[in-house]
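Just below is one structure, and these are the notes that go with it.
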Amino acid sequence: MDLKKRILEIAPETQFVEQGDIKAIVPSSSFYALAKKLKEDEDTSFDFLLSLTGMDFGDSLGVIYHLESTKYGHTCVLQTSTTNRENPELYSVCDLWKTANFNEREVYDFFGIRFINHPDMRRLFLRDEWNGYPFRKDYDMDSNPLNMTNEVTEDKTTELTIDAEGNVIEKENTLFDDKEYVINIGPQHPSTHGVLRFRTSLQGEIIKKIEPYCGYIHRGIEKMNENLTYPQTLALTDRLDYLSAHQNRHALCMLIEKALGVEIPERVQYIRTIMDELQRIDSHILFYSCLAMDMGAITPFTYGFRDREMILDIFEQTTGGRLIQNYNVVGGVQADIHPDFVNSVKKFIPYFRNILKEYHDIFTGNVIVHQRLKGVGVLSKEDAISFGTTGGTGRASGWACDTRKRKPYAMYDKVDFKEIVYTEGDSFARYMVRMDEMLESMKIIEQLIDNIPEGAYQVKMKPIIKVPEGSYFTSVESSRGEFGVFLESKGDKYPYRLKYRSTGLPLVAAVDTITKGGKIADLIAIGGTLDYVIPDIDR
Amino acid sequence: MFDFSVVSSWIHQFLTSVMPEGLAIFLECLVVGVCILAAYAVIAMILIYMERKICAWFQCRIGPDRVGKFGLLQLFADVIKMLIKEIVELKNTDKFLHALAPYIVILSSILAFACLPINKGMEILDFNIGVVFLVAVSSLGVIGILLAGWSSNSKYTMIGAMRSGAQIISYELSIGMCLLAVAIFTGTLQFSEIVAFQADGWLIFKGHIPAVIAFIVYLIAGNAETNRGPFDMPEAESELTAGYHTEYSGMHFGFFYLSEYLNMFIIAGVAATIFLGGWMPLHISGLEGFNAIMDYIPGFVWFFGKAFFVVFLLMWMRWTFVRLRIDQLLKFEWKILLPIGLFNLVLMILVVVFKLHF
Amino acid sequence: MGLKKPKIKSIKYEEFQDNESLEKMAAELNANGANVILGAVDDVINWGRANSPWSLTFATSCCGIEFMAIGAARYDMARFGFEVTRPSPRQADLIMVCGTITHRMAPVLKRLYDQMAEPKYVVAVGGCAVGGGPFTKSYHVVQGVDKIIPVDVYLPGCPPRPEAFLYSMMQLQRKIKLQKFLGGVNRKEKKQK
């Protein structure tokens, strides 16, 4: 099927840009109809909104949508924009894809684009009284000094709708009634895994509604990137999701290499793959530890950390860092692997295979764990796709969403591994997916570790990297989902816009759906199994 | 067997010979009170040190070892720090109740502590309905917890207190059932007589099946009574930050902390007394020589040995299991433990009526 | 009473860095002289406080993971008396600011600090908390927590190694050992203008 033709049939004014990835530029008036058609038509069925990126084009403000079909695997990129910079308004797609809800709030927060028919048009990351929109190119960096007054949380929110005459009007929606028993879980709470805040409406112990508040660790990494050269931007990726440091950096390096058309030596591909998988094991051990701790068992927590230290030792040998390694660079890796690297990895794997049984003995086999996790926090496959909860969460709901299989990169098309998919969609499935994935990761490493080819560990790059004009998107499977990088380049040595597809934001968006009707304790267990990392959400 | 009543009656005689009897008794009460408080504090410290070391051992850590030899002085450091730490006064709260709550908790646990017979003739509160008294005073603590949660004027503490109320009142039933089973078997509610009853064999051996069931149910219910993991719902660090005592600081928090450990010891002590013979040495009928050797070990050694053994079991539970959810916790009590307790009661009656015990 | 060197078990005084500022602090404290008995009581109190600072469970980003690591099996901060981390600020003595503090988080951190009971100590962990770290040019990051709350020990690194964490905790212990509970304070919050 020719997608181009399809799009032109529905929206004839569409233009196509073929620099980098092919992009369809759709006028804002016909955008919603096109999106709806593309999603609902049987032969296109774009049911997965991979990424939603706000853009400031200088004269206009716009949004770029990356769509994907889980049925056919095809993708398309749509762009729509408005030239009204004073009062920009676009149509919301949050009724088509649930993940658009939070993403559009993010775009409103950063660019000030208001979405019509969006039920909850509030800022997502910044405080309500923030002046201006920081990601606009004309934003004054000094316009918001540190405000030490305590934040007042509003229970009202606005919605833009269109009345019978076709005018845009504002409507007021209520988040929480005055009579509801609302408790704040976070931002400082032992089991929100950082500084996430849930406002939770309770009826006794039962959760009626959850409203997540993000932004307590929003550092504006994407905006900072616009003033950094490409090699410099690499430094910040490790700090997004520090438990997928290698993978995040891998994604950005791959993107730049793809845009430049650089061929990467096979040795580098081997090293990157092994490192990615080690990182995945590391992250999943931490997942196990934290879940156990959230559920009140401290002993498995220390077991997990004990073994995690061994992976960190391996990392440290080669990269010199424990958590933030700064190892991948454009065109290769920073340094060759340590002479002992192969040995220590080979020593670690059999050890860990054994110890994994111990993990299952102390935690997985426990009756209470089964009671706490089985049948709790069920996320259906449709919801998982609609929210875009990739990674372990999606795979636990029966959605085979592993990027390593869907869009193989590095060595993943040459190694043999199984994609772990469970169909229950409950907390226990989410837990088991990750425990089983560790075994698969070890399998991948074992296939590669003995065959690392000789060769250069780096391609010599020019001192100043200039990416050709166009827009590019690459994604990798990070420890907790599909981590994507979107780059809009104007041919400069700085990126014009660099956006990271957060793996955690869809998870947080889905929390309300998953926890509905559960208990407070379930929220904690669900939060543990969703395994989000807050700095990755807030960026 | 060393009988402590020799010492106490000697002191009493000595005192009455130099002063009127009323004053003597008053003085004795004072001394006994001070002794209880001292013992309370010392045992709490031992327990905390023990918990830290055991927990570290379970978790492949070392535990405190830098402050003093083997970290033995660690607790003194903690106590000194806590004693002089600021006690935060809260706005918009009932200050009187807020300050009262930790004292109620600690009072109830001291009262319960006083019921334990430590050695032969070393019972402080010992009367014919001792078991009932113990159950009554130990459940007073829940009032303190509820007050603490309510008077802090915080939603977290409120939820913690409500959980605690539901949990403690439910599990009290199971404890009552187990104690009743023992009372049926021994035919008395007085601790000293229960211990004396076990002179020719501990109850857990004499009462075989029903006694073992009662022992296990008692341990589980007792663990829940003390709000310790896996039943630490009211505190639930990862859910409610610190549960009902979230807003307490300094020594007020210290009281909650101490009483948690002491309650654990009381549960263990009662279990040791009624199931494992208390201060009664291990006697095997027919082996007179063996029994005589056992009698050389003083009673309080037996008592503390048994009690700390049970404490170890409780800690083992605490550091292995995952926390339950509140509805599962209540379901577990009302649908599993309580029916077992009732059934066990009937079983015990049958055993006693048909003289099937040893 | 003259200057007493704060002792940390099995580590020499000279091996610590930044002894000068400690000595300066001690000299200021002892400028008016001290009562012998009060001094002895102070020593006991400081010994207790220094050996039992319980930290608040507080982490915003990467450094938090390393903070968890020092509580776990290999590094085990319980050895030094940092036995538990308390999730409630009322019961914590020490706040390790692990990670970046953003504009939105700043009032929350200040509030947490205010909620803690005296005596309270602050360790700024990691480049971000010390001075903004890699995010100095960001529009939403506080350039160092000392802009919000008084800091006792600065611990650079991104993230610092667990050994460095322990070192910073020992430095804090040394600082606590030089305090006065009776007769004079050496640590005042700046008055708000």
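Here B:M158, B:M233, C:M96 are placed in order of increasing Cβ neighbour count within 10 Å, fewest first, which gives B:M158, B:M233, C:M96. Take each residue of peptide A:192-198, count the partner chain Cβ atoms within 10 Å of its Cβ, and average: the result is 4. Each 10 Å bin from zero up to the one holding the largest Cα-Cα distance in segment A:221-538 carries the following percent of pairs: 6, 28, 35, 23, 8, 1. In the protein assembly as shown, the alpha-carbon atoms span a convex hull of 206 Å³ per residue. Highest-first packing order for the peptide set B:140-149, A:223-232 is B:140-149, A:223-232, based on the mean count of other beta carbon atoms within 10 Å.
Other residues lying with their Cβ under 9 Å from the Cβ of A:H193 contribute a combined charge of -2, Lys and Arg counting +1, Asp and Glu -1.
Residues in segment A:120-135 carry Karplus couplings, in order, of 8, 8, 10, 5, 9, 9, 9, 6, 4, 8, 5, 8, x, 10, x, 8 Hz; the curve used is 6.51 cos²θ - 1.76 cosθ + 1.60 with θ = phi - 60°, and Gly or Pro positions show x. Classified by the C-alpha gyration tensor, segment A:331-413 has an oblate form. Its axis ratio a/c, with a ≥ b ≥ c, is 1.5 or above, and a/b does not exceed b/c. Relative to the dominant Cα principal axis of chain C, helix C:162-177 is inclined by about 40°. Between A:A235 and B:I284, the modelled labels are 7.5 nm apart [label points 7 Å from Cα along Cα→Cβ].
Alpha-carbon geometry of segment B:174-267: the Rg and the Dmax are 17.1, 51 Å, given in that order. In the structure shown, the pairs C:K9/C:K175; A:K462/A:K490; A:K5/A:K405 are assessed against 20 Å; a Cα-Cα span above that value is assigned to A:K5/A:K405.
What share of the DSSP beta bridges in segment A:41-159 is antiparallel, in percent to the nearest 5? Show your work: numbers first, answer last.
Details: 16 of 19 bridges.
Taking every DSSP beta bridge within segment A:41-159, about 85 percent pair in antiparallel fashion.
Summing charges over all other residues whose Cβ lies under 11 Å from the Cβ of A:I444, with Lys and Arg as +1 and Asp and Glu as -1, gives -1. Partners of B:K120 within straight-line reach, counting aspartates and glutamates whose Cα lies under 14 Å from its Cα and excluding those fewer than 8 residues away in the same chain: B:D3, B:E193, B:D295. GNM, chain C, Cα, under 10 Å: largest mean-square fluctuation among C:Y13, C:Y75, C:Y139? In the Gaussian network model the winner is C:Y139. Its Cα gyration tensor gives segment B:43-84 an equivalent ellipsoid, and the semi-axes of that ellipsoid, as √(5λ) in whole Å with the largest first, are 19, 11, 8.
Scaling the Cα radius of gyration of segment A:492-539 by the globular reference 2.2 N^0.38 Å produces a ratio of 1.56. Comparing B:G243, B:G222, B:G121 in a Gaussian network model of chain B (Cα springs below 10 Å), the most mobile by mean-square fluctuation is B:G121. Remark: spin-label model distance A:D413-B:K331 equals 4.9 nm, labels positioned 7 Å along the Cα→Cβ axis. Each peptide in C:85-93, C:21-29 was scored by the mean count of other Cβ atoms within 10 Å over its residues; highest first, the order is C:85-93, C:21-29. For the listed peptides A:95-104, C:41-50, a ranking on the average number of other beta carbons within 10 Å per residue, highest first, reads A:95-104, C:41-50. Coupling constants for segment A:281-293 follow from the phi torsions by the Karplus curve (6.51 cos²θ - 1.76 cosθ + 1.60, θ = phi - 60°), and in residue order they are 4, 4, 5, 6, 5, 5, 4, 4, 4, 5, 4, 4, 5 Hz; glycine and proline get x. For C:A92, the residues 5 or more places off, or on other chains, whose built amide H falls under 5 Å of its own are C:A117.
Annotation: chain A has a Kirkwood hydrodynamic radius of 24.0 angstrom, from the mean reciprocal C-alpha pair distance.
For a Förster distance of 51 Å, can you work out the FRET efficiency between the beta-carbons of A:I116 and C:S10, rounded to the nearest 0.05? Present the calculation step by step, with values, prior to reporting the outcome.
Values: r = 68 Å, r/R0 = 1.34.
The value I calculate is 0.15.
Averaged over the residues of peptide B:253-262, the number of Cβ atoms from other protein chains lying within 10 Å of each residue's Cβ is 1. Size descriptors for segment C:19-177, from the alpha-carbon set: Rg then Dmax equal 16.1, 53 Å. Close amide H partners of B:M122, meaning residues 5 or more places away or on another chain with modelled amide H under 5 Å apart, are B:F4. Here the Kirkwood formula puts the hydrodynamic radius of segment C:110-182 at 13.3 Å, using every distinct Cα pair.
Helix screen, chain B: DSSP H segments with Cα axial length of 18 Å or more and mean Kyte-Doolittle hydropathy at least -0.5 are B:4-18, B:21-58, B:95-114, B:155-186, B:208-225, B:250-275, B:299-320, B:338-353.
Hand me the trypsin sites (Lys or Arg not before Pro) from segment A:289-376 located in a DSSP loop with no more than 16 other Cβ atoms within 10 Å, in residue order please. All intermediate terms of the calculation are to be shown ahead of the outcome.
On the way: sites: A:R306, A:R308, A:R322, A:K346, A:K347, A:R353, A:K357, A:R372, A:K374; in loops: A:R322, A:K374.
Answer in residue order: A:K374.
Backbone phi angles across segment A:311-327, fed through the Karplus curve with coefficients 6.51, -1.76 and 1.60 (θ = phi - 60°), yield HN-Hα couplings of 5, 4, 4, 5, 4, 5, 3, 8, 9, x, x, 9, 10, 10, 9, 6, 9 Hz in residue order; Gly and Pro are listed as x. Inter-chain neighbour count for A:520-530: the average number of beta-carbon atoms from partner chains within 10 Å of each residue's beta-carbon is 3. Taking amide H positions as modeled 1.01 Å from N, with prolines and chain starts lacking one, the residues under 5 Å from A:Y181 and 5 or more places away or on another chain are A:L202. Binning the C-alpha pair distances of chain B at 20 Å intervals from 0 yields a P(r) profile of 27, 57, 16, 0 %, listed from the shortest bin outward. In terms of its alpha-carbon gyration tensor, segment A:26-91 comes out prolate; a/c meets the 1.5 threshold, and the first ratio a/b outweighs b/c.
Each value in this text was obtained by applying a stated rule to the coordinates, not by laboratory testing. Just so we're clear, the structure is a prediction, and the values are computed from it rather than from any experiment. All Cβ positions, glycine included, derive from the backbone under ideal geometry; neighbour counts span all protein chains shown.
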